[in-house]
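Chemist: Can you keep this structure in mind? I'll have questions shortly.
The values are calculated or read from the model by the stated rules, or taken from the named source; none is laboratory data. Since the structure is predicted, the reported quantities are computational estimates derived from the model, not experimental observations. Cβ coordinates were reconstructed from backbone atoms using ideal geometry, including for glycine residues, and neighbour counts include every protein chain displayed.
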Amino acid sequence: MANIKSSKKRALKSEKNRQHNKKYRSMLRTFIKKVNSAIFEKNIELAKKKFRKMQSLIDKQAQKNLIHKNKASRYKSRLYSKIINLT
């Protein structure tokens, strides 16, 4: 651990932020897995419902710079194309 007071504070703050970001990153992966499992089961209605929830979550995280906006767009595009191919 650092010796200077400000660097100690910064280390604690960055660890707190890392834990916060980790929680939301994990939540994002969980939502993506739920959509993928609905697609795998060929349940179109459930997949669309889960996709709508996941889409808003991804947009919020991209807006807060937890993930890059292009990555968010790529996630949404790939999952939506999978849903469309089911029909």
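Chemist: Of everything in the range 52-79 that's in contact with a Phe, Trp or Tyr (Cβ under 7 Å, 6 or more places away or on another chain) and closer than 21 Å to SER37 by Cα, which residue is surrounded by the fewest Cβ atoms within 10 Å (Cβ to Cβ)?
Modeler: Here is the first cut: in the range 52-79, the ones in contact with a Phe, Trp or Tyr (Cβ under 7 Å, 6 or more places away or on another chain) are 53-54, 57-58, 61, 66, 79.
With the extra rule that they be closer than 21 Å to SER37 by Cα, the set shrinks to 53-54, 57-58, 79.
Numbers: LYS53: 12, MET54: 21, LEU57: 17, ILE58: 23, LEU79: 21.
This residue is LYS53.
Chemist: OK, next. Quick one: would you say ILE4 is in contact with a Leu (Cβ under 8 Å, 6 or more places away or on another chain) and free of Cβ contacts under 8 Å to residues at least 60 places away in the same chain? Full working, then the answer.
Modeler: Values: in contact with a Leu (Cβ under 8 Å, 6 or more places away or on another chain): no; free of Cβ contacts under 8 Å to residues at least 60 places away in the same chain: yes.
Judged against the criteria, ILE4 is not a match.
Chemist: Starting from residues that are within 22 Å of the chain's Cα centre (by Cα) and of a type in the set (Val, Ile, Thr), keep the ones in the range 1-60 and report whichever is farthest from ALA72 (Cα to Cα).
Modeler: This residue is ILE44.
Chemist: Something else: Regarding the range 23-39, can at least one residue be identified that is in contact (Cβ under 8 Å) with a residue 24 or more places away in the chain, farther than 20 Å from GLN61 by Cβ and of a type outside the set (Ser, Thr, Tyr)?
Modeler: Step one: filter the range 23-39 for residues in contact (Cβ under 8 Å) with a residue 24 or more places away in the chain, giving 24-25, 27-28, 31-32, 35-36, 39.
Among the residues that remain, those that are also farther than 20 Å from GLN61 by Cβ are: 39.
If we keep only those that are of a type outside the set (Ser, Thr, Tyr) as well, we get 39.
Scanning the range 23-39, I find at least one residue that is in contact (Cβ under 8 Å) with a residue 24 or more places away in the chain, farther than 20 Å from GLN61 by Cβ and of a type outside the set (Ser, Thr, Tyr), so the answer is yes.
Chemist: Could we say that ASN85 is out of contact with any strand residue (DSSP E or B) (no Cβ under 9 Å at 6 or more places or on another chain), surrounded by 11 or more Cβ atoms within 10 Å (Cβ to Cβ) and at pLDDT below 95 here?
Modeler: Details: out of contact with any strand residue (DSSP E or B) (no Cβ under 9 Å at 6 or more places or on another chain): yes; surrounded by 11 or more Cβ atoms within 10 Å (Cβ to Cβ): no; at pLDDT below 95: yes.
For ASN85, the condition - out of contact with any strand residue (DSSP E or B) (no Cβ under 9 Å at 6 or more places or on another chain), surrounded by 11 or more Cβ atoms within 10 Å (Cβ to Cβ) and at pLDDT below 95 - is not met.
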